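For reference, the structure is listed below as structure tokens.
No value in this document is a laboratory result; all are computed from the given coordinates. These numbers come from a predicted model, not from an experiment. Positions of Cβ are generated from backbone atoms using ideal geometry, with glycine treated the same way; all protein chains shown enter the neighbour counts.
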Amino acid sequence: MLLGGLRAACDEMGAVLVRSAHSANIKERRDASTGLFDRDGQMVMQAEHIPVHLGAMPAAVGAVLGEDHSPGDAWILNDPYRGGTHLPDVTVISPLFHAGELIGFAASRAHHADVGAREPGSMPADSRTLADEGVVIPPTRLTPEVLRDLAGRMRNPRQREADLRAQLAAGRAGADRVAALLERHGIETFRAGLRETLDYAERRTRARISELEDGAREARDVLEAVDGDLELRLRATVAGDELELDFEGSAAQHDGNLNCPLAVTLSASYFALRVLTDPDVPPCAGAYRPLTVRVPEGSMLNARPPAAVAAGNVETSSRVADLVLAAFGRACGQGTMNNLTLGNDDFTYYETLGGGQGACPDADGPSAVHVAMSNTLNTPIEALELEFPLRAVEYSVRRGSGGDGRRRGGDGVVREVEALEGMRYSLITERRRHAPPGAEGGSPGATGRNLLNGHELPPKASGTLEPGDRLRIETPGGGGHGER
């Protein structure tokens with residue numbers, strides 16, 4: 001009963017955030033996540049929102065654990081090296097109290113449409129340091145003065161402030177729902193319920209890991225950097241009811257923005273663990289206790305500041321999930337979020353695009369869906385054309401882009417927009433040079449393509465659109481499974 005109450009509380013937090021937000025990125029695409037944590041910073045429940053947000057959010061709560069907390073406080077941060085992911089993902093944390101005692105935290109993370117980088121939308125394709133990507137917010141007490149100051153350093157400050165206030169409202173909703181649970185069950189039953197939720201998730205996960213064959217499995221894949229491919233490596237070892245993921249041998253951090261803070265690599269590993277074991281297990285810290293993740297410091301997957309990370313959160317996290325799933329014989333999905341950012345001094349627009357999912361041994365992969373670390377909606381054409389100086393030219397399924405096999409991979413999508421006024425564009429994409437692999441003899445999915453007025457662009461690109469220019473994105477298909 002408490003388990004359902006915790007899940008409902010997280011769902012309500014998400015609903016309050018989405019329905020209170022002003023930016024299309026949150027209210028339409030729902031690029032936001034919510035969760036509840038105990039007083040030690042362990043995640044005890046989350047809503048089914050964005051995997052890359054949720055797996056990394058415990059690091060954000062951990063960054064404020066040692067602070068002095070009082071009723072009514074809230075904390076804000078986006079620093080990737082102090083609990084964040086990349087700078088547009090801003091986390092707001094609200095301490096929860098009962099009878100004057102700290103009992104936990106409610107947290108939300110939302111991708112803001114701009115955080116003050118030189119490139120509108122704050123997702124530059126060519127950033128080299130964190131300073132190139134926007135305003136860096138260390139763990140800070142969120143007062144009204146701080147809120148106004150931060151919003152004032154970003155484009156469209158009134159919208160930024162409104163979205164931050166929506167996150168504060170989500171925290172209050174979480175506090176109200178937890179208070180109702182405490183009134184119904186009492187503090188001791190509540191605490192016992194949190195412990196049992198964590199232990200129950202651990203038991204279920206261990207049971208499913210123990211069904212996997214013991215031994216080591218390896219996988220390799222690459223990321224498509226501007227100056228060449230960067231290799232990632234994984235050795236996954238199952239021993240009884242435990243799993244170890246060792247990324248030794250992966251590329252060192254580089255001078256682009258495909259680097260990951262450790263929290264993002266852990267987040268992708270947690271997601272893959274749930275896919276491989278029990279997707280219905282309560283999504284909490286207990287489910288990850290049987291997992292050990294080893295990542296060399298200074299590598300792309302455990303970068304050191306001030307390395308740029310804008311693409312690490314969205315693209316490298318996708319490849320980490322691919323590596324784990326490929327090691328266990330799964331066909332890969334599109335392996336990219338197809339990040340598109342448009343804007344000028346008057347507006348900013350950000351979107352991730354769906355594509356093909358990899359096929360399973362017993363089912364074709366779904367088409368035109370967000371894959372792995374993303375779980376957002378699309379921006380409806382009506383909202384896009386109403387709010388932004390853009391015209392939708394085409395939005396369709398990219399037929400035939402899924403990999404062939406006994407089970408076919410899902411198809412990607414085609415998204416083409418026309419600029420109605422001058423603006424900047426930024427593209428951060430993957431799987432343009434290397435196709436999403438199939439499994440057990442299945443064919444790879446089709447690579448993606450980015451085109452400006454019919455001329456092909458590289459995977460990472462930025463520039464200026466003039467009125468009438470058309471930007472077209474064809475997203476990858478998923479890999480097929482099995483020989484025909």
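Computed log10 I(q)/I(0) for the stretch 5-80 at 0.15, 0.18 Å⁻¹: -0.57, -0.82, from the Debye equation with unit scatterers placed on every C-alpha and solvent omitted.
Working from the pairwise distances between different alpha carbons, so that the mean of 1/r is found and then inverted, what is the stretch 180-264's Kirkwood radius in Å? In the stretch 180-264 this quantity evaluates to 16.7 Å. The residue list VAL238, GLN253, PRO283 was ranked by how far each Cα lies along the charge dipole of the stretch 208-297 toward its positive end, using unit charges on Cβ atoms, and PRO283 comes out on top. Across the stretch 288-345 the C-alpha pair distances fall into 10 Å bins from zero in the proportions 18, 39, 33, 8, 2 percent. A simple charge model with +1 on the Cβ of Lys and Arg, -1 on the Cβ of Asp and Glu and nothing else charged puts the dipole of the stretch 280-391 at about 660 debye relative to its Cα centre.
Divide the volume of the convex hull around the Cα atoms of the stretch 331-484 by the residue count and you get 93 Å³ per residue. Amide hydrogen proximity for VAL293: with H placed 1.01 Å from N in the peptide plane, the residues at 5 or more positions away or on another chain lying under 5 Å are LEU245.
Ordered by the count of other Cβ atoms within 10 Å of each Cβ, fewest first, ASP241, ASP38, ASP89 give ASP241, ASP38, ASP89. Over all other residues within a Cβ to Cβ distance under 15 Å of PRO157, the charged ones net out to -1, with Lys and Arg as +1 and Asp and Glu as -1.
Can you find, among PRO437, PRO139, PRO120, the residue sitting farthest towards the positive end of the charge dipole of the chain, where Lys and Arg contribute +1 and Asp and Glu -1 at Cβ? Sorting the options by dipole projection puts first PRO437.
Where Rh is the Kirkwood radius over the Cα pairs of the stretch 2-202, the temperature 20 °C and the viscosity 1.002 mPa s, what D in µm²/s does Stokes-Einstein return? Roughly 127 µm²/s, to the nearest whole number. Ranked by the mean number of other Cβ atoms within 10 Å of their residues, highest first, the peptides 93-104, 69-80, 408-419 fall in the order 408-419, 69-80, 93-104. Using only the C-alpha atoms, the convex hull of the stretch 329-373 corresponds to 56 Å³ per residue. Computed across the stretch 430-484, the Kirkwood radius stands at 12.6 Å (inverse of mean 1/r, all Cα pairs). Put simply, the amide H of LEU65, placed in the peptide plane, has no neighbours under 5 Å, leaving out anything fewer than 5 places away on its chain. Semi-axes of the equivalent ellipsoid for the stretch 270-403, computed as √(5λ) from the eigenvalues of its C-alpha gyration tensor and ordered from largest down, come to 30, 22, 14 Å. In this Cβ point-charge picture (+1 for Lys and Arg, -1 for Asp and Glu), the stretch 128-266 has a dipole of about 1040 debye about its Cα centre. Per-residue 3J(HN,Hα) values for the stretch 229-237, derived from phi via the Karplus relation 6.51 cos²θ - 1.76 cosθ + 1.60 with θ = phi - 60°, read 7, 10, 8, 10, 10, 9, 10, 9, 10 Hz in sequence order (x marks Gly and Pro).
Charge dipole (Cα centre; +1 on Lys/Arg Cβ, -1 on Asp/Glu Cβ; no other charges) of the chain amounts to roughly 360 debye. Using the rule -39500 (n - 2.57) for each DSSP H run of four or more residues, divided by the residues of the chain, the 222 nm mean residue ellipticity is -9000 deg cm²/dmol.
When Rg and the Kirkwood radius Rh are both evaluated on Cα atoms of the stretch 393-484, their ratio Rg/Rh stands at 1.09. For the chain, the average shadow cast by the Cα convex hull is 20.7 nm², which is a quarter of the hull's surface. Global size of the stretch 142-183: 13.4, 43 Å for Rg and Dmax (C-alpha atoms, Rg to one decimal, Dmax whole).
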